[in-house]
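Engineer: First the structure, then my questions, so here it is.
Bear in mind these aren't lab numbers, they're just calculated from the coordinates by the rules spelled out. Note that the coordinates shown come from a computational prediction; the quantities given were computed from them, not determined experimentally.
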Amino acid sequence: MLTSYSKILETAVNEIAKLPGIGRRTALRLALHLVNAETVEVETLAHALTELKSSLKICKYCFAISDHDVCEICANPKRNPNIICVVQDIRDMIAVENTNQYSGVYHVLGGVISPVDGIGPGQLKLQELFHRIENHPVEEVILALPSTAEGDTTNFYIYKHCAEKAPKISLLARGVGVGEELEYINEVTLGRSLITRISFESQYGSVL
Ligand SMILES: [Zn+2]
């Protein structure tokens, strides 16, 4: 125990150490930083953390986290609602957004199909995607999923269900290396992959 002489400090360290990527030593450093910080600074942090659970919503269209029932992107009249970029999670959506090369909307699946991990289509927002494509005029669906076996499986699943309803289904150009997660690609590379995106058929034509 690093902090056995103070239960209050110990509790704070235990809770901070539960966060991903933070060991107990870092947790202690952060806790001691907060002990020495201004009260208002600590209260602002505590409030911001509480708000994540009490006030944050999920956008009813794209399933991104949002301050309102409809997120800023879906509600923005400058965004093209007829181009949907499908991503596995919020982090990838933020990565695409940070390229400043995309003016359509998103659809956050909540993962990719992965039987090994027990994730089937039913656990992802796939039916919601198909419903969106069927009920709204869609020009293009951009599949921006990771270039892994699971990403490929999910791409095929979406293609199979949407090929007749979406006029165009495209993939990020493979400047995105195989097995790479979008989140870790630099913005310039990801932006270029988005601009030079290719049609699903031209990539997978031989196996369709
Ligand atoms: Zn939205």
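Engineer: Please turn the phi angles of region 105-115 into ³J(HN,Hα) values with the Karplus equation 6.51 cos²θ - 1.76 cosθ + 1.60 (θ = phi - 60°), one per residue in order, whole Hz, x for glycine and proline.
Structural biologist: 10, 10, 9, 8, 6, x, x, 10, 5, 8, x
Engineer: Classify region 99-152 as rounded, prolate or oblate, taking a ≥ b ≥ c as the square roots of the eigenvalues of its Cα gyration tensor: rounded when a/c is under 1.5, otherwise prolate if a/b is larger than b/c and oblate if not. Write out the running numbers ahead of the final one.
Structural biologist: On the way: a/c = 2.66, a/b = 1.39, b/c = 1.92.
It comes out oblate by the Cα gyration axes.
Engineer: Shifting gears a bit: HN-Hα J couplings of region 23-37 from phi, Karplus 6.51/-1.76/1.60, θ = phi - 60°, integer Hz, Gly and Pro as x?
Structural biologist: Residue by residue, region 23-37 yields x, 5, 5, 5, 4, 5, 4, 5, 4, 5, 4, 5, 4, 8, 6 Hz.
Engineer: Let me ask you something else. Which of the three applies to region 55-208, rounded, prolate or oblate, going by the alpha-carbon gyration tensor with a ≥ b ≥ c and a/c under 1.5 meaning rounded?
Structural biologist: Cα axes put region 55-208 in the rounded bin.
Engineer: Given H placed 1.01 Å from N in the peptide plane, which residues other than close sequence neighbours of Ala64 have an amide H under 5 Å from its amide H?
Structural biologist: Counting only residues 5 or more places away or on other chains, the set is Cys59, Val108.
Engineer: Looking at the square roots a ≥ b ≥ c of the eigenvalues of the Cα gyration tensor of region 7-54, which shape do they give, rounded for a/c under 1.5, prolate if a/b is larger than b/c, or oblate?
Structural biologist: On the way: a/c = 1.96, a/b = 1.22, b/c = 1.60.
Cα axes put region 7-54 in the oblate bin.
Engineer: Give me the lysines in straight-line cross-link reach of Lys125: C-alpha distance below 26 Å, same-chain residues under 8 apart excluded.
Structural biologist: Lys53, Lys57, Lys60, Lys78, Lys160, Lys165, Lys168
Engineer: A follow-up question, please. Mind checking the full-extension length gain between Thr189 and Ser202? Use 0.36 nm per residue of separation minus the Cα-Cα distance, one decimal, nm. Mind dumping the intermediate values first?
Structural biologist: On the way: separation 13, 0.36 × 13 = 4.68 nm, distance 2.08 nm.
Full-extension gain reported as 2.6 nm.
Engineer: Okay, next question. Around Ile169, which amide H atoms from residues at least 5 apart in sequence, or from another chain, sit under 5 Å from its own amide H, with H modelled in the peptide plane?
Structural biologist: HN-HN under 5 Å from Ile169: Val141, Phe200.
Engineer: Given the DSSP H assignment, sum -39500 (n - 2.57) over each helix run of at least 4 residues in the chain and divide by its residue total; what's the result at 222 nm in deg cm²/dmol, nearest 500?
Structural biologist: Values: 9 runs with 90 residues, N = 208.
One gets -12500 deg cm²/dmol as the mean residue ellipticity at 222 nm.
Engineer: Just Arg192, Arg29, Arg91 to compare: in a GNM of the chain, with alpha carbon springs under 10 Å, which one fluctuates most?
Structural biologist: Evaluated over the chain, the most mobile residue of the options is Arg29.
Engineer: Separate question: Under the Karplus relation 6.51 cos²θ - 1.76 cosθ + 1.60, θ = phi - 60°, what is the ordered set of whole-Hz ³J(HN,Hα) values for region 140-155, x standing for Gly and Pro?
Structural biologist: 8, 10, 9, 8, 10, 9, x, 7, 10, 4, 5, x, 4, 4, 5, 4
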